[in-house]
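Have a look at the structure below, then the notes.
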Amino acid sequence: MRDPDMHLVNAMEKINKSFACLVALVMASVVCARQQDLVPARVEVSPAAVKAINEPWLKPDERRDMRILHGQWSDDDLNTTARKAEAALRVWNLQDASLDSPDAPVAIRAQALLWRGRAMEAASLLVGCDEPECKLIRADALMWLGKNDDAKIILQTLRDAPDVNDANASALRAAAQATNQLGKIQPLSAADWKLAVDQFGRAREADRMNPLVPLEEGLLLVNRHNRPQGVPALWQTLSLDPRSSRAWFALGELALHNFDFDSAALASDRLRLLNSKHALADLLDSERALLTDDPERADAILDGLLAREPNMPQALAMRAAVAGRRWKPELAKQRLAEFDQKFPGSALAYATLGRTLSLNRQYEWGQRALEEAIRREPFWSEPRGELGYLFMQAGRDEEAVATLKAAAELDPFDTRSSFGLWLMDELSKWKEIDSPHFRIRVKPGIDEVVAELMPAALESMYVDVTKRFAHEPAGKTTIEVLPDHEFFAVRITGMPGIHTMAAATGPVIALEVPMEGNPKKHLGLFDWLQVLRHEYTHTVTLSQTGNRIPHWLTEALAVSMETKPRTFETCQMLARALANGKLFSLDKIKWAFVRPESPQDRPLAYAQGCWMVQYLQGKWGADSVPKLLEKYKQGLDESHAFQETVGVSGDEFFAGFIAWATEQVKQWGLAPEPSLEKLSDTIRAKDPKLQLATRQAEQERLDALATYLAKQVGEPFQVAQTVLVAARWPKVKKPAVEITDDMVDQWLVQYPDQPDLLELKLRRRLKEQPEVDGIATTLLDAYAKARPVDPYPHRVYARGNLNSGDQQAAMMHLSALDLLEEQDPSYALELARLYRLQHNLAAARESVEKATRINPFDAATREFAATLAIEDGDLLRARLHLAALAQLEPDQKRHALRLARLDDMIAAQSVKAPAAP
């Protein structure tokens, strides 16, 4: 008997030997997923296929068969029941009458029955058929019926057939497919999997024109997460047969696993071109709805599919997963039972449910589902790999390693499990720094200078965040400090909705170090504490709600916990969206995160969500947030959660928010009355030429709208409906007007608090006379009062005060500017310098520590931080910065000497300290 431990050792040795290849493969997969569409927008039919169809020596029926083989048939080619059945099967028209006819090939009829979930009928139909294709379908049917031993006998016979060693493409394909199916019901060696891949390769050499060969090879590869090789095989399939439903579906599934929803939609569209009621298109659309947080739509799609095909196993399994995402365990249990009645012993439904729950951070429930899938089909590696990644996201490293090892032993060719093992092995070598509530992991080396700064700051942050939400997560949170964007991208592979330099899975937060350099490698400078406040808020609110918090709200609360005030640019964006009717309603805001329609949608959703939280707390008190989160934990939907928390429905909440937001924008000085545009209209109204130009501009807009609407004739209503809303029409491009200084002065007499006029006069004044004299001061004060969210007056005052030597006044304005800054340490460093001159060492150190967080690898900043710490008597903090300097500048011997001297001072200080009672 083969020693399984030795088998695993051998497999891991192969993984280690091909480490560079493995990482390159995974990175290629990540790059492919992010930079290249998985689903082709159009397919060019292979010239070889065209040539084969047009060979002059073909007889009419041979040409018909060739056109069907390459997906180029027309109705005229379907002149027999057999040809009709084959074409119907290819496009999944599974209820076509030809597929019930005894004149159709038995294998085609059985395959249609099996795809419809009628496994018993398929198996019975194939009794007596000894063709390899019949045997493969029968074995598959028996596996669905839970008769794995019977299936195993058939598959082993096919795999070990004597003619496999010949260059017989059909026998080679059958043997490779048999191995692939055996992998779910018995353990296979690396040699077994390698042989299957080799057999597909030999089959391709023997029959280059058969689209089924690259299709089956591609499916084997992508099912083992080998996308760089599997995707080209599927594209080759489409070039040989653009009507290959299984190839389109496989690419759509890959897109969904990469959270590439546009490509998945494209695959669905292509399937519907083949068959308007394509079952595989429904499966893609339902899974896409599920992954984009719309389980109700997913259920509706599946209801329609199951009304037509009530036994389709993939649809029944997905339906159980949808119940899980709707946070309805009893419904999920019921749907799992319904699946079991039809497919006893199958792990598919539990595996599908487990993956969905893992993606939604329902770790305990997801673990139970995946463990049941493993119990049912212990040799199927996919649920084990999924469980391993669940443990990784949950911060359960030892269980992750053990589970991924088991998955790799079952299928050494599965790159995802192998890569997960490599990643966990790599992380296990990293240094760990513990604090009461956090475990910080960092790669040994230069990045340690960032991690060493964190413990005290994180513990202070912990108090702020947990107090705000009245909740403390169980156990420590792991912070992984990652060296660059490439490693970060690999670390979060398989996690949805990641768009920044950090990500939280709940118990684990991955953070990229702030560093300048190649933008492909680093994201630049940023205040890592602000980022971690945001991400740790996710950890707390996910824990508090059992991971059932709506996407918009978890982001809104995370933004609200950042100490940086709302920027002027954000205020302007919100004001524009409010004025143009483009703020998101409660039922629409989540789509801005998962399916943004414009580049502004996602930043607007972040900002608006935080704004709505501000309104919620201002009207109903700070404790309204924990109360609302409790309702989400109970599984209530948006409207009911608001109703039970604050006594209004979601729609009523939003209406109240809009009214409040309107007043907010006025207070910001971003909705002045009259607006500068209205004042400009008074100039246009007095000038005949400008009047004519304005009318022409209005007509041009109407003409453009009419042309656009004309193009929408025949399109679904929702395509054109938004343009019918006047608030969404493009603005009239009115002729420009010259606003003279006299006009500004005249208008200011009438409207002395109009912020646009004050800004215009102020900027013109400072352009002519840069010094901040009495007139400029009056204008600055007036503008700052009229538009308090614009930092421009602070910048002008700070520059003027510094030039005049008024440090105290400058510090007030620099502090306001520094609050808004999290990517540039300049303000913080200047404040530290000024506070030091005023002997305010506590404030100076607070500022320099912020500068250090933003640019932790800058030696001069570390030098300054160490100096201030020594002056303030904090020798331990000074030592931390000096130790960082020694790592940043290893060639500077003076750092070692200074560290030694500082250690002597620390030792002397401890001797002088009184003994503890």
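Does at least one position in segment 746-767 carry a residue that is over 48 Å from the mean Cα position of the chain (by Cα), modelled with pLDDT of 90 or more, of a type outside the set (D, E, K, R) and closer than 18 Å to Ala685 by Cα?
Within segment 746-767 (the criterion being over 48 Å from the mean Cα position of the chain (by Cα), modelled with pLDDT of 90 or more, of a type outside the set (D, E, K, R) and closer than 18 Å to Ala685 by Cα), the answer is yes, since at least one residue qualifies.
Would you pick out the residues in segment 88-106 that are aliphatic (A, V, I, L, M), within 42 Å of the chain's Cα centre (by Cα), assigned to a helix (DSSP H, G or I) and surrounded by fewer than 22 Cβ atoms within 10 Å (Cβ to Cβ)?
Ala88
So, in segment 632-641, exactly how many residues are under 29 Å from Pro565 (Cα atoms) and free of Cβ contacts under 8 Å to residues at least 40 places away in the same chain?
Looking only at that region, the number is 1.
Pick from Asp303, Asp282, Asp293, Asp299: which is acidic (Asp, Glu) and touching a His at 6+ places or on another chain (Cβ under 9 Å)?
Result of the check over Asp303, Asp282, Asp293, Asp299: Asp293.
Looking at (1) surrounded by fewer than 20 Cβ atoms within 10 Å (Cβ to Cβ); (2) within 25 Å of the chain's Cα centre (by Cα); (3) over 30 Å from Gly324 (Cα atoms), find the lone condition where Leu574 falls short.
It is condition (1) that Leu574 fails.
Check segment 884-895 and report whether any residue there is of a type outside the set (Phe, Trp, Tyr), surrounded by 20 or more Cβ atoms within 10 Å (Cβ to Cβ) and under 43 Å from the mean Cα position of the chain (by Cα).
Within segment 884-895 (the criterion being of a type outside the set (Phe, Trp, Tyr), surrounded by 20 or more Cβ atoms within 10 Å (Cβ to Cβ) and under 43 Å from the mean Cα position of the chain (by Cα)), the answer is yes, since at least one residue qualifies.
If you take the residues of segment 640-649 that are surrounded by fewer than 17 Cβ atoms within 10 Å (Cβ to Cβ) and among the small types (Gly, Ala, Ser), which of them is nearest to the chain's Cα centre (by Cα)?
Ser649
Condition first: among the basic types (Lys, Arg), farther than 28 Å from Trp73 by Cα and touching a Lys or Arg at 6+ places or on another chain (Cβ under 9 Å). Can you find one or more residues in segment 220-230 that meet it?
Yes: one or more hits.
Report yes if some residue within segment 804-827 is under 17 Å from Ala865 (Cα atoms), touching a Ser or Thr at 6+ places or on another chain (Cβ under 6 Å), surrounded by 20 or more Cβ atoms within 10 Å (Cβ to Cβ) and touching a residue at least 12 places away in the same chain (Cβ under 8 Å); otherwise report no.
Checked against the condition, which is being under 17 Å from Ala865 (Cα atoms), touching a Ser or Thr at 6+ places or on another chain (Cβ under 6 Å), surrounded by 20 or more Cβ atoms within 10 Å (Cβ to Cβ) and touching a residue at least 12 places away in the same chain (Cβ under 8 Å), segment 804-827 yields no hits at all.
Would you mind telling me which numbered condition in (1) touching a residue at least 24 places away in the same chain (Cβ under 8 Å); (2) among the acidic types (Asp, Glu); (3) more than 28 Å from Ala851 (Cβ to Cβ) Asp601 fails?
(1) is the only condition that Asp601 fails.
What are the residues in segment 768-807 that are of a type in the set (Gly, Ala, Ser), at pLDDT below 95 and closer than 25 Å to Asp742 by Cβ, if any?
Gly774, Ala776
Answer yes or no as to whether Leu817 is at pLDDT 95 or above, under 26 Å from Tyr792 (Cα atoms), outside any loop (DSSP other than H, G, I, E, B) and touching a His at 6+ places or on another chain (Cβ under 8 Å).
Considered against the rule, which asks whether it is at pLDDT 95 or above, under 26 Å from Tyr792 (Cα atoms), outside any loop (DSSP other than H, G, I, E, B) and touching a His at 6+ places or on another chain (Cβ under 8 Å), Leu817 comes out as yes.
Of the residues that sit in segment 157-207 and are of a type in the set (Asp, Glu) and over 20 Å from Glu133 (Cβ atoms), which one is modelled with the lowest pLDDT?
Ranking the candidates gives Glu205 first.
Out of Ile68, Ile153, which single residue is surrounded by fewer than 17 Cβ atoms within 10 Å (Cβ to Cβ) and assigned to a helix (DSSP H, G or I)?
Ile153
Check whether at least one residue in segment 512-526 is basic (Lys, Arg), under 24 Å from Ala851 (Cβ atoms) and at pLDDT below 85, and report yes or no.
The answer is yes, given that some residue of segment 512-526 is basic (Lys, Arg), under 24 Å from Ala851 (Cβ atoms) and at pLDDT below 85.
Find all pairs meeting these conditions: Cβ atoms under 8 angstrom apart; at least six residues apart or on different chains; first residue within segment 738-755 and more than 19 Å from Leu766 (Cα to Cα); second residue among the small types (Gly, Ala, Ser) and at pLDDT below 95.
Listed pairs, sorted by first residue: none to list.
Kindly indicate the residue of segment 38-65 that is within 22 Å of Ser98 (Cβ to Cβ) and not acidic (Asp, Glu) and also surrounded by the most Cβ atoms within 10 Å (Cβ to Cβ) among those meeting that condition.
The qualifying residue surrounded by the most Cβ atoms within 10 Å (Cβ to Cβ) is Arg64.
Kindly provide the set of residues from segment 644-663 that are in a helix (DSSP H, G or I) and without any contact (Cβ under 8 Å) to a residue 40 or more places away in the chain, ordered by number.
Glu644, Thr645, Val646, Glu652, Ala655, Ala659, Glu663
Hey, among the residues in segment 254-289 that are of a type in the set (Asp, Glu) and in contact with a helix residue (DSSP H, G or I) (Cβ under 7 Å, 6 or more places away or on another chain), which one's nearest to Gly71 (Cα to Cα)?
By that ranking, first place goes to Asp282.
Output the number of residues of segment 862-882 satisfying the condition of being among the acidic types (Asp, Glu) and in a helix (DSSP H, G or I).
Going through segment 862-882 one residue at a time, the tally reaches 2.
Which one of these is closer than 28 Å to Leu240 by Cα, modelled with pLDDT under 50 and hydroxyl-bearing (Ser, Thr, Tyr): Ser29, Ser18, Ser74?
Only one candidate qualifies: Ser29.
Any idea which of (1) surrounded by 21 or more Cβ atoms within 10 Å (Cβ to Cβ); (2) within 17 Å of Ala884 (Cα to Cα); (3) in contact (Cβ under 8 Å) with a residue 60 or more places away in the chain is the one Ala451 doesn't satisfy?
(3)
Scanning segment 327-374 for residues that are of a type in the set (Phe, Trp, Tyr) and assigned to a loop (DSSP other than H, G, I, E, B), which turns out modelled with the highest pLDDT?
Looking at the filtered set, the residue picked out is Phe343.
Condition first: of a type in the set (S, T, N, Q), modelled with pLDDT of 95 or more and out of contact with any helix residue (DSSP H, G or I) (no Cβ under 7 Å at 6 or more places or on another chain). Now tell me which residues in segment 653-699 satisfy that.
If the condition is that a residue be of a type in the set (S, T, N, Q), modelled with pLDDT of 95 or more and out of contact with any helix residue (DSSP H, G or I) (no Cβ under 7 Å at 6 or more places or on another chain), then Gln664, Gln667 are the ones that fit.
Hey, could you check segment 588-631 for residues that are of a type in the set (D, E, K, R) and in a helix (DSSP H, G or I) and say which is surrounded by the most Cβ atoms within 10 Å (Cβ to Cβ)?
Lys590
The values are calculated or read from the model by the stated rules, or taken from the named source; none is laboratory data. The shown structure was predicted, so the numbers you read here are calculated from the model rather than taken from an experiment. Positions of Cβ are backbone-derived with ideal geometry, glycine not excepted, and every protein chain shown enters the neighbour counts.
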